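Bear in mind these aren't lab numbers, they're just calculated from the coordinates by the rules spelled out. Because the structure is a prediction, the values reported are computed rather than measured. Every residue, glycine among them, receives a Cβ derived from its backbone with ideal geometry; neighbour counts consider all protein chains shown.
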Amino acid sequence: MRKFLVYFFSFWALTVVVGLSVLGLRGSTSRKPPLEVFPDMDHQPKLRPQTVTKFAGFADGLSSRLPVAGTISRDSAWELNSFNTGKTEDGGWVDAMPVPVTHELVKRGRERYDIYCTPCHGAAGDGNGVTTQFGMAAVAKLHDERLIKMSDGEIFNTITLGKNLMGPYGEKLDPKDRWAVISYVRALQLSRLGKKEEIPDAVQANLK
Ligand code: HEC
């Protein structure tokens, strides 16, 4: 019986000591790093900002990189100005292009139009693109009087967000490209509105 009591109390004492040392320290903080039995993937080579490192293999060794050419910052893309939205401050449509219309811009617009708009609206804007043969119905004719009179801002908005069956092209065309496309759409419209007298004499001579 005495032997049993000795065992019993030593076991009890041990339990108390172990219990206290494990549970009693919970919640207390220490400045020493914890003992790591299994470090798992805690320590990995990585880029810390604003330092020199060989890790990424850049020639100049800098961990912080400049934005890649052509990067559009979220801030500039979301700033609510007429260039980005096609709307004026009081919520109306921008009447005319907020960027200078240059030969370069129209050329760029033609290229983008041919890629993104021709499949539905047709190369000349007649609303007879190839998709109309496959069930795309009621594609707008860009030469309609209504669209000729439509403000540049409203067309910009249609390109950005789409309209009914037409999907949005905002994520495929940045704002500058959208204005470029509009400048080309205007050129297409003008090509139908011109009068014969407006054609330069040299070109008229060759007309059939
Ligand atoms: C997938 C086919 C498709 C593509 C691609 C497409 N459109 Fe459209 N677009 C339509 C359809 C369909 C309508 C008629 C929408 C409606 O019901 O009013 C339309 C309407 C329009 C309108 C008239 C909107 C209005 O307010 O009535 C404009 C302007 C226009 N598109 C410009 C463009 C331009 C610019 C592009 C190229 C960036 C383009 N679309 C690409 C199918 C397309």
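Taking chymotrypsin sites (Phe, Trp or Tyr not before Pro) that fall in a DSSP loop and have at most 14 other Cβ atoms within 10 Å as cut points, what is the longest piece of the chain between them? Kindly include the intermediate steps, with their values, before the conclusion.
Working: sites that count: Phe55, Phe58.
So the longest stretch without any such site is 59-208.
Select from Leu188, Leu147, Leu14 the residue whose mean-square fluctuation is largest in a Gaussian network model of the chain (Cα-Cα springs shorter than 10 Å).
Looking only at Leu188, Leu147, Leu14, the biggest GNM fluctuation is shown by Leu14.
What lysines could a cross-link reach from Lys195, if we take a straight Cα to Cα line under 16 Å and drop same-chain neighbours fewer than 8 places away?
Straight-distance partners of Lys195: Lys208.
Magnitude of the Cβ-charge dipole of region 87-193, K/R +1 and D/E -1, about the Cα centre, nearest 20 debye?
240
Identify which of Pro45, Pro168, Pro67 has the largest mean-square fluctuation in a Gaussian network model of the chain, with springs joining Cα atoms closer than 10 Å.
Checking each option, the largest mean-square fluctuation is seen for Pro45.
Need the list of lysines near Lys32 for cross-linking: C-alpha distance under 24 angstrom, and skip anything on the same chain fewer than eight residues off.
Excluding near neighbours in sequence, the set is Lys46.
For the chain, modelled as a GNM with alpha-carbon contacts under 10 angstrom, which of Asn81, Asn128, Asn164 fluctuates the most?
Asn164
What number, rounded to the nearest 500 deg cm²/dmol, is the helix-based mean residue ellipticity at 222 nm of the chain, given -39500 (n - 2.57) per DSSP H run of at least four residues and division by all its residues?
Working: 9 runs with 87 residues, N = 208.
Value at 222 nm, helices only, nearest 500: -12000 deg cm²/dmol.
Sum up the lysine pairs in region 87-193 that clear both bars: alpha-carbon distance under 18 Å and a spacing of 8 or more or different chains.
9
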